[in-house]
Structures are given as C-alpha cells and as structure tokens.
Amino acid sequence: MIRVIDRALLDGLAAAAASLPRQRKNHNFHPADAFPCHRMINAIEPGSYVRPHRHLDAFKDETMVCLRGRFGVVVFDEGGRAVHTLVMAPGGDTLGVDIPHGVYHTLVALDPGSAILEAKAGPYQPLAEHEMAPWAPAEGSAAAVPYLDGLRRFFP
C-alpha cells in the first residue's frame, strides 16, 4: 500500500510539533528503528533548537529536502565557525541538501509549519555525546536560546 505525503499529513505534523516542548515531530515511513533505510518527515518549528552535530558512522550521510516552509542550514568547521549557510525552500533556489558523515551541521526552522523529508541509513542510533558539537550549548540549556538566536542571524 502506498503512503501519501499530502497537505493534511504536513498540517497534522506541524500542529503536533507546535504543541510539543521540543517543537519537533517526526513521521517515520520505515517500519522499525532497526530497518536499514530510514525515511521520515520532520516538522520543526522556529523555536526548536537542533544542536549542531555530526554523524560519524560512515553509512550515516544525511539527505534532507524541504517540503514546506523554509530552513536555514549551517555547516561548521571543527572549531565551530560557520563555513557554509543556505536556505532550503520549496520553489527556492535550494530545495535540499546531502550532508556527508563527519560534517558538523544544524537546521534552523525559519517559518512556522516547516517540514523536511529526511533519509539516512539505519538502524537508529541516538547521537553519542562525541558526535555533538562541543562548542555548541546542550539542548534545553539556558545558553541554547541565545545561541539559536545567533544562528537565526545568518538568515535575515
């Protein structure tokens, strides 16, 4: 049976994301965390802080395509300096990105109701502390809000 990605699905995910403390909600198409290919929609609201991180597993390259809204993407060097920024948006110049494993990156939702389609290799493995950017504040910390505000300044 096919599964349809439609406005109703995105509306429901966006509403759920807006109501949650992390302001994010995903919808998985893969049947289980152990599945070898993960495909999901992530609805992310502008107040959600995605700590800069990298995937060190050589099979964890990450592809993201913007389905709705706008996202700022920031790529960092090892020391935390932003080396590349771009905006993903449907109908824009950049629709998505493919980020190789080992590259520090983050996403900043720029519009309410924003959603991406994401694909990467499974199985699911929570990010390890050594994959988190040591120069970026932890999610939920007092420093995360001003850090996110600083990231937003890349995208006027």
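The values are calculated or read from the model by the stated rules, or taken from the named source; none is laboratory data. Fair warning: this is a prediction, and the values are worked out from it, not measured in the lab. In this analysis, Cβ positions are derived from the backbone assuming ideal geometry, glycine residues included, and neighbour counts consider all displayed protein chains. Remember, those area values only see protein heavy atoms, side chains included, never the ligands or the DNA or RNA. Shrake-Rupley method; radii C 1.70, N 1.55, O 1.52, S 1.80 Å.
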Where 77, 93, 33 fall by accessible area, highest first, once all protein chains stay in place (1.4 Å): 93, 33, 77
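Within the chain, what whole-number % of the accessible surface is contributed by carbon and sulfur, with the 1.4 Å probe and all protein chains included in the calculation? Write out the running numbers ahead of the final one.
Working: 4900 of 8200 Å².
Roughly 60 percent of what the probe reaches on the chain is carbon or sulfur.
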Choice from 127, 95, 110 with maximal GNM fluctuation in the chain (Cα, 10 Å cutoff): 127
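Can you give the accessible area per residue of the chain, in Å², using a 1.4 Å probe? Could you put the intermediate results ahead of the total?
Numbers: 8200 Å² over 156 residues.
Value for the chain: 53 Å² per residue.
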GNM result for the chain, Cα springs below 10 Å: residue of 70, 22, 51 fluctuating most strongly: 22
Cα centroid of region 1-55 to Cα centroid of region 132-154, whole Å: 21 Å
Helix-only [θ]222 nm of the chain, DSSP H runs n ≥ 4, -39500 (n - 2.57) each, per residue, nearest 500: -4500 deg cm²/dmol
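At 0.36 nm per residue, minus the direct Cα-Cα distance, what do residue 87 and residue 30 gain on full extension? Give it in nm, one decimal, please.
Details: separation 57, 0.36 × 57 = 20.52 nm, distance 2.71 nm.
Taking residue 87 through residue 30 to full extension adds about 17.8 nm, to one decimal.
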Most fluctuating residue given options 141, 48, 114, as computed from a GNM of the chain linking Cα atoms under 10 Å: 141
Net length gained if the chain between residue 20 and residue 77 were fully extended (0.36 nm per residue, minus Cα distance): 17.4 nm
Point-charge dipole on Cβ atoms (K/R +1, D/E -1) for the chain, about Cα centre, debye to 20: 320 debye
Percentage relative contact order, region 36-119, counting C-alpha pairs under 8 Å, at least six apart: 49 percent
Relative contact order of the chain, defined on C-alpha pairs under 8 angstrom at six or more residues apart (%): 29 percent
Segment residue 57-residue 152, length gained on full extension (0.36 nm per residue, minus Cα span): 31.4 nm
Among 79, 155, 58 - extreme Cα towards positive end, dipole of the chain, charges at beta-carbon: 155
